[in-house]
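As structure tokens, the structure follows; a few thoughts come after it.
Each reported figure results from applying straightforward, stated rules to the coordinates on display, with no laboratory input. Keep in mind it's a predicted model, so treat the numbers as computed, not measured. All Cβ positions, even for glycine, are placed from backbone atoms using ideal geometry, and neighbour counts span all protein chains on display.
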Amino acid sequence: METTKKLYDLDAYGTEFEAKVLTCEEVKKKDTTGYAVTLDQTLFFPEEGGQSPDQGTINGISVLDVQIKKDVIIHTLAAPVEVGSTVKGKIDWKHRFYNMQQHSGEHIFSGLVHSRFGYENVGFHLSDQTVTMDFNGVLSEADVAEVEYAVNEAIIKNIPIEVTFPTKEELETLDYRSKIEIEGQVRIVTIPGYDVCACCAPHVKRTGEIGMLKVLNVQSYKGGVRISILCGFRALLEFRKKAEVLSELSAKLSANQEGLGEAVDKLKNTNQAMKAKLAAANEKMMQQKLSEIPAEQDDALLFEEDLDVPVMRNAVNALVEAHSGICGIFAGSDADGYHYIVGSRSKDCREAAAALREKFGAKGGGKPEMVQGSVTASEADIRSVLE
Ligand SMILES: [Zn+2]
């Protein structure tokens, strides 16, 4: 098949082009039908080297995906186009430019890590949401902060980014990154003073267009580190999101940004103290309720809205001591069902559990002297079965 002329190779800033349709074939994926279209030339950058493909339209038809196989670029369209006809393509410039900002920023970062620490970028991923780089060596937080700052200095210097196609002989004398991967004509992207790298993707003309680079996350990965970054407008949008979250939290906690950690700690401590108070109050209330059950009563069942398991267990133990029959605590409601603990010093509680299971499909079991589980039935129905 005829290889596709890559118009983006020399002009990363072109957004519209004309091309001849070479092939158009229907492709079915699950329940969607698309059309695989090849052209004699294209501005659409395919999914390649870890980067998501360009978006846009061909003859006004949405381009759903762009792939490359053996230098043939395959556009998946939502509708067919006529083979042999001339079509007009238009790429989504905002999406393309955002990707260019990320990719050029990544080169400076990786170039600096390479020259300062000798590590290789062994994994690169550029999606519409995030950019990750994997380095085959460990970087401390301070190292990363230093590189991040240096990248932003390179951006401020507004250095021209060069794209060249050196001959094999020239390549042999050239020191560049990504030396192994490429066959055929190698495309070299140079950011003087920072990076020389073999790369097929569109880049900005000058580093100033990257705007800024911000590291978002660093984590250990396969003996090295995985670093997430965002550049340019995507960094701005992320900053906006984070600022919104911070102001919302600040308002809710009545604290400024610096005081948020302390405010959350305070909230957690208050919550813990309240829980302890509530548990103590529940325990007291249960004791009161238990003492109200007539001592001469054999069976003693209590139904409560909400109880912790330790409180339930203590209550059942107290009931078993005071009453000889079936003693049980049910926590919950008729509508949502109950958690239960049933105990007895004279009867086999497993029979009670079996009765609940048989009648109401209850779950649970245990030992002869104590069973626990859950049941969905009304208090009246449960009483009628157990008492
Ligand atoms: Zn690259």
Quick note, region 103-167: a/c under 1.5 would make it rounded; otherwise a/b > b/c is prolate and the rest oblate (a ≥ b ≥ c, C-alpha gyration tensor); here it is rounded
Starting from the 7 Å offset along Cα-to-Cβ, what nm value, one decimal, do you get for the label separation of I156 and D308? 5.5
Looking at the square roots a ≥ b ≥ c of the eigenvalues of the Cα gyration tensor of region 304-370, which shape do they give, rounded for a/c under 1.5, prolate if a/b is larger than b/c, or oblate? oblate
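Could you tell me which helices of the chain pass both thresholds, a Cα extent of 30 Å or more along their own axis and a mean Kyte-Doolittle hydropathy of at least -1.0, with helices taken as whole DSSP H runs?
Counting only whole DSSP H runs, the qualifying helices are 93-117, 232-253, 260-292.
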Can you tell me how the chain classifies by the Cα gyration tensor, rounded, prolate or oblate, using a/c under 1.5 as the rounded cut? prolate
Give me the net charge of S247's neighbourhood, meaning all other residues with Cβ under 12 Å from the Cβ of S247; Lys, Arg count +1, Asp, Glu -1. +2
Provide the FRET efficiency to the nearest 0.05 for the S127-E169 pair, computing r from the beta carbons and using R0 = 45 Å. 0.75
Antiparallel as a % of all DSSP beta bridges within region 235-339, to the nearest 5? 40
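Using a Förster radius of 51 Å, what is the FRET efficiency between R226 and D381 based on their Cβ-Cβ separation? Nearest 0.05, please. Please report the intermediate quantities before stating the final value.
Values: r = 57 Å, r/R0 = 1.12.
That pair, R226 with D381, gives E of 0.35.
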Using the basic label-point model (7 angstrom from Cα toward the beta carbon), what is the D334 to L278 distance in nanometres? 2.5
Summing -39500 (n - 2.57) over every DSSP H run of at least 4 residues in the chain and dividing by its residue count gives a helix-only mean residue ellipticity at 222 nm, to the nearest 500 deg cm²/dmol, of -12000 deg cm²/dmol
